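This report refers to the structure that appears directly beneath it.
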Amino acid sequence: MWTRRAMILATAGTLLTPSLALGATATGFTLRNLAGDKVSLGDFEGRVVFLSFWATWCGPCKVEMRHLHGFHEELKEKGLTMLFISIDDARAGMAVKQYVRSNKYDEAIYLLDKQSEVVGIYNPKKSVPYGVLISRDGTIAKVWEGFNPGEEDSVKQAIVTELEKTG
Amino acid sequence: MLGVWAALFGLQPAYAEDDDADAEAKEPAVSLSFTDDLEIRLQNFDPSPLVRVGGPPPKFIEEVNRFTGRAQVGAWGFNVQVDQVAFIGLPYAVDGVVVREPPDLLLNCGLERCVQNPFGDYVYVNPEKMAVSYATDDVSVTVGDLYAAFGYGLALNVNRNVDIDIDTSIQGARVVARPGDWEFTGLAGTLNRQQVFADNPNFATLQGDLRHLVAGARAVRHDLGPASIGAHAVAVDFTQTYGVAGALEEAGSSVDAAMAGGTVELYGVAGMDWQFEGDIAAFPLDEQGRNILFTDGVPEMGHSLYGSTQFLIGQTFWQIDGKKYKNFQRMNRPLAGEQYQIIVPPTLEYERATNFNTAAAVLSDDIYGGRVRMDVALGSLTPYLSAAAFRDSDLENAAQHAPTPETIVMGQAGLQVLTDELTVLTNFLGRVEKRDEDFGQDVQLYGDVDVKFPLIGQSHADVILFGQHFITGPEATVFGDDVVPSWDELSLSATVAPTHDFGITGYFDYTTNPFANNGGNLGNPNLYGAAEAYFKPTSAWTIRAFHGGYAAGIRCSGGQCRAVPAFTGTRLAVTGSF
């Protein structure tokens with residue numbers, strides 16, 4: 001029951017908007033991807049970046065991620081970069097890799113945040129799924145907490161709006 | 001609120017305009033964000049029948065509030081979490097203990113963060129997770145509450161586990177530097193357990209933490225050809241005195257446990273990725289540490305080994321893992337009663353299926369074994385198969401009910417379906433724990449299914465079903481002098497959400513598990529039922545109302561387990577960001 005409640009409530013959370021964070025400059029960070037390569041937010045200067053915080057145990061995350069991968073595939077040539085940051089703990093590298101490979105999500109960038117450095121900056125409550133849309137100018141454009149089926153349309157619209165601003 | 005924060009940090013709460021041509025001349029961008037989670041529980045009876053014996057069931061009201069705030073000024077960040085809980089009505093029960101007198105919430109606070117308040121002893125306020133951080137691409141410095149993990153968590157893994165609401169941090173300082181292909185981490189501090197739990201009736205032990213001391217360092221060299229190689233060391237000094245005073249007492253003493261180890265990661269070698277970690281532990285104990293760690297009075301060295309490899313064959317993705325842990329979980333023994341752990345190694349278990357009878361293997365101090373898993377990519381369908389075997393010889397584990405070592409064998413299968421219209425996530429597990437000698441075996445058959453599908457217009461439905469049948473052998477599971485009988489559990493939840501802003505969920509539990517059963521709330525001792533509704537009056541706020549009951553259980557996630565007490569009553573929760 002408790003487990004089910006957690007899952008249901010995770011699904012129920014939708015589009016919370018901590019508006020005071022919007023417009024602020026996104027804080028830089030560096031993490032390692034699943035191949036061990038260093039990836040910095042600064043590597044994507046001038047592009048629209050979507051930070052997706054997720055966990056291998058999070059059902060709503062998996063539903064949302066399928067849509068996000070579709071958006072990435074469709075919009076990457078227009079300047080969209082997706083960074084998927086696992087909030088799983090230090091043991092998760094293999095579980096993340098298993099999920100990414102078995103779903104053929106290799107095109108996107110998956111990052112491990114073993115010491116909660118980045119989640120502590122962008123998502124200290126450690127909610128999942130949790131999305132942060134960063135504009136081409138490096139400022140935070142929009143934040144999402146939770147995911148309900150059907151909300152992917154508004155997420156995509158926000159991404160497209162940012163891509164069109166200076167694209 | 002803005003003004004307060006601005007005054008506190010000496011900042012201008014204004015964001016520089018984007019059209020400023022000279023970025024260097026910009027005022028520092030100030031970002032402030034806050035969230036608040038409020039829950040009021042009207043508890044109708046004792047949440048933990050396993051502890052309470054006799055007496056009328058207590059009724060009480062518990063109000064819990066968690067406020068989190070964060071300010072970001074350029075590379076600087078400031079975090080705070082303020083937890084508050086109030087109890088109304090006596091007698092009330094906290095973690096199974098009936099309390100008939102007002103709690104002495106300020107007991108043993110010492111120099112800690114207990115805040116005197118105008119509401120007397122019924123209200124507890126605690127500034128919980130506070131940190132100042134400075135982060136750039138290559139350096140991050142954190143002072144205050146922080147999380148830390150080395151390698152795969154065999155020697156250090158202190159993290160916030162949101163899945164089961166356990167949030168232990170290290171209160172101290174951490175520096176991470178990434179010059180070139182190197183990465184260095186150094187940290188020191190005391191353990192800081194979160195005192196207030198958002199999803200659980202709160203403890204009688206709100207009086208503070210046992211502030212065990214932790215220090216560690218790790219260096220990693222990346223991009224050595226296809227390899228990354230790391231080395232680390234961790235020292236722990238346990239205390240039995242609450243509060244900062246305990247930490248100060250221990251600061252001058254010898255460490256109780258010292259761990260050292262290394263990691264090797266290989267990428268694309270022979271078409272496969274490889275990860276290895278090996279650690280050893282020594283226990284240069286003082287008398288106090290010896291009493292805590294070695295109940296059998298025989299100090300030993302410990303070792304911990306873990307390896308994993310992954311590879312693709314056609315449409316299949318394979319993962320093979322192996323582990324051997326000996327005398328390492330004992331590092332968590334002083335912490336077990338406080339609901340946190342300092343090391344959390346890979347378990348290789350399907351933790352969602354873990355129950356009171358099988359939790360011992362997750363926390364075993366003497367175990368080895370391995371697992372093979374194969375996932376198949378078939379477009380929107382992703383089935384998997386998994387098989388594992390372990391040998392568990394830890395008989396001192398508090399969760400262990402078996403009188404002899406045991407061999408554990410399990411098989412697992414599952415399926416993920418993700419389409420535009422339909423989501424299905426399902427897992428099935430068969431697990432056998434075979435005791436040595438003539439003590440029989442336990443058999444667990446488990447399944448879970450989560451199905452989401454659209455209804456009419458914006459509406460959608462979500463149905464989640466869990467079930468398990470647990471068969472105990474003739475002398476297999478001994479708890480005290482009692483043989484635990486076989487038992488069954490079934491849990492169903494069904495949500496209908498007419499819009500994105502509103503939904504109703506019905507819950508149903510059936511259990512004959514003697515560890516979990518609390519007497520039911522539907523007129524049958526094995527049945528529980530509840531209903532919940534959520535409503536979002538604005539995009540930033542959610543209101544949830546729950547009424548009914550659910551059974552107790554154990555919940556394992558992220559390598560940690562937590563007993564979740566039963567509940568019958570009403571809950572009202574308000575969550576929002578501003």
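The values are calculated or read from the model by the stated rules, or taken from the named source; none is laboratory data. Computed from a predicted model, the values in this text were never measured in an experiment. Virtual Cβ from ideal backbone geometry, glycine too; neighbours counted across all protein chains shown.
Overview of values
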| read-out | value |
| --- | --- |
| Enumeration of residues in the stretch B:162-184 that are surrounded by 24 or more Cβ atoms within 10 Å (Cβ to Cβ) and of a type in the set (S, T, N, Q) | B:S169 |
| Those residues of the stretch A:134-150 which are outside any loop (DSSP other than H, G, I, E, B) and either surrounded by 23 or more Cβ atoms within 10 Å (Cβ to Cβ) or over 15 Å from the mean Cα position of the chain (by Cα) (or both), in sequence order | A:I134, A:T139, A:I140, A:W144, A:E145 |
| Qualifying residue in the stretch A:36-57 (condition: farther than 30 Å from B:I166 by Cβ, within 8 Å of another protein chain (Cβ to nearest Cβ), among the basic types (K, R) and part of a loop (DSSP other than H, G, I, E, B)) | no |
| Residue that is more than 10 Å from chain B (Cβ to nearest Cβ), surrounded by fewer than 22 Cβ atoms within 10 Å (Cβ to Cβ) and of a type in the set (K, R), where the choices are A:K104, A:K76 | A:K76 |
| Verdict on B:Y152 being in contact (Cβ under 8 Å) with a residue 40 or more places away in the chain, facing chain A (nearest Cβ under 7 Å) and out of contact with any Ser or Thr (no Cβ under 6 Å at 6 or more places or on another chain) | yes |
| Subset tally (residues that are of a type in the set (D, E) and in contact (Cβ under 8 Å) with a residue 40 or more places away in the chain) for the stretch B:246-289 | 2 |
| Those residues of the stretch B:550-576 which are over 20 Å from B:T358 (Cβ atoms) and touching a Leu at 6+ places or on another chain (Cβ under 8 Å), in sequence order | B:G569, B:T570, B:R571, B:A573, B:V574, B:T575, B:G576 |
| Qualifying positions in the stretch B:506-550 - hydrophobic (A, V, I, L, M, F, W, C) and at pLDDT below 85 | B:F515, B:A516, B:A540, B:W541 |
| Test: A:T17 is modelled with pLDDT under 85, at the interface with chain B (Cβ under 8 Å from one of its Cβ atoms) and within 16 Å of the chain's Cα centre (by Cα) | yes |
| Looking only at the stretch B:128-164, and only at residues there that are among the small types (G, A, S) and not in a strand (DSSP E or B), the one that is nearest to the chain's Cα centre (by Cα) | B:G153 |
| Residue that is surrounded by the most Cβ atoms within 10 Å (Cβ to Cβ) [pool: residues in the stretch A:80-99 that are more than 9 Å from chain B (Cβ to nearest Cβ) and within 16 Å of A:C61 (Cβ to Cβ)] | A:S86 |
| Residues that are of a type outside the set (F, W, Y) and either away from chain A (no Cβ under 12 Å) or surrounded by fewer than 15 Cβ atoms within 10 Å (Cβ to Cβ) (or both), drawn from the stretch B:507-526 | B:T512, B:N513, B:P514, B:N517, B:G519, B:G520, B:L522, B:G523, B:N524, B:P525, B:N526 |
| Those residues of the stretch A:130-154 which are within 24 Å of B:L422 (Cα to Cα) and more than 12 Å from chain B (Cβ to nearest Cβ), in sequence order | A:G131 |
| Criterion violated by B:T239 - all others in (1) crowded, with 22+ Cβ neighbours inside 10 Å; (2) in contact (Cβ under 8 Å) with a residue 60 or more places away in the chain satisfied | (2) |
| Criterion: part of a helix (DSSP H, G or I), over 11 Å from the mean Cα position of the chain (by Cα) and facing chain B (nearest Cβ under 10 Å) - qualifying residue of A:I121, A:I159 | A:I121 |
| Residue that is nearest to B:S380 (Cα to Cα), among those in the stretch A:107-118 that are of a type in the set (D, E, K, R) and either without any contact (Cβ under 8 Å) to a residue 60 or more places away in the chain or at the interface with chain B (Cβ under 8 Å from one of its Cβ atoms) (or both) | A:E107 |
| Residues of the stretch A:122-132 classified as surrounded by fewer than 23 Cβ atoms within 10 Å (Cβ to Cβ) and hydrophobic (A, V, I, L, M, F, W, C), total | 1 |
| Of all residues making up the stretch B:527-550, the number that are within 10 Å of another protein chain (Cβ to nearest Cβ) and of a type in the set (V, I, T) | 2 |
| Residues of the stretch B:367-392 classified as among the small types (G, A, S) and over 11 Å from B:K323 (Cβ atoms), total | 6 |
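So that you can scan it fast, the table gives a plain yes or no per residue for (1) of a type in the set (G, A, S); (2) free of Cβ contacts under 8 Å to residues at least 60 places away in the same chain; (3) surrounded by 20 or more Cβ atoms within 10 Å (Cβ to Cβ); (4) on the phi < 0 side of the Ramachandran plot:
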{"position": "B:D394", "(1), (2), (3), (4)": "no, no, yes, yes"}
{"position": "B:Q400", "(1), (2), (3), (4)": "no, yes, no, yes"}
{"position": "B:P403", "(1), (2), (3), (4)": "no, no, no, yes"}
{"position": "B:V409", "(1), (2), (3), (4)": "no, yes, no, yes"}
{"position": "B:Q412", "(1), (2), (3), (4)": "no, no, yes, yes"}
{"position": "B:E421", "(1), (2), (3), (4)": "no, yes, no, yes"}
